[in-house]
1. At 1.4 Å probe size, with every protein chain present, just tell me what the per residue accessible area of the chain comes to in Å².
2. What share of Cα pairs, in percent, lie more than 22 angstrom apart in the chain?
3. Roll a 1.4 angstrom probe over the protein heavy atoms and tell me the percent of accessible area of the chain that is carbon or sulfur.
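The values are calculated or read from the model by the stated rules, or taken from the named source; none is laboratory data. In this text the structure is predicted, and so the values were computed from the model without any measurement. Just so you know, the surface numbers come from the protein's heavy atoms only, side chains and all, with ligands and any DNA or RNA stripped out. Shrake-Rupley method; radii C 1.70, N 1.55, O 1.52, S 1.80 Å.
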Amino acid sequence: DFYIMNKLASLLEHIPRLNLDYLSVKDSVDQFRDIMLPQLDLRVEAHNLTRFRRCFEGEARIAFPEPLSGLTSREVLVERFVEGE
């Protein structure tokens, strides 16, 4: 949870013995949050799958499942099953 990570980072930065001022732990947590939050939207993952499918279309040995956009939402990603070897 990013709230807990942020609070812990703030706490650590206020402990003088640790001398973490140069690391900026809270800023690192904020940057990590900014990178991770968009990845929690599974519609973005569905878009990426569509892009990968297009990029590797001619490759016989590489397969990506097809996302079912009508059934996919921010919280749920539905894909077609891909048989593997």
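1. 84
2. Taking all Cα-Cα pairs of the chain, the fraction more than 22 Å apart is 51 percent.
3. The value for the chain is 56 percent carbon and sulfur by accessible area.
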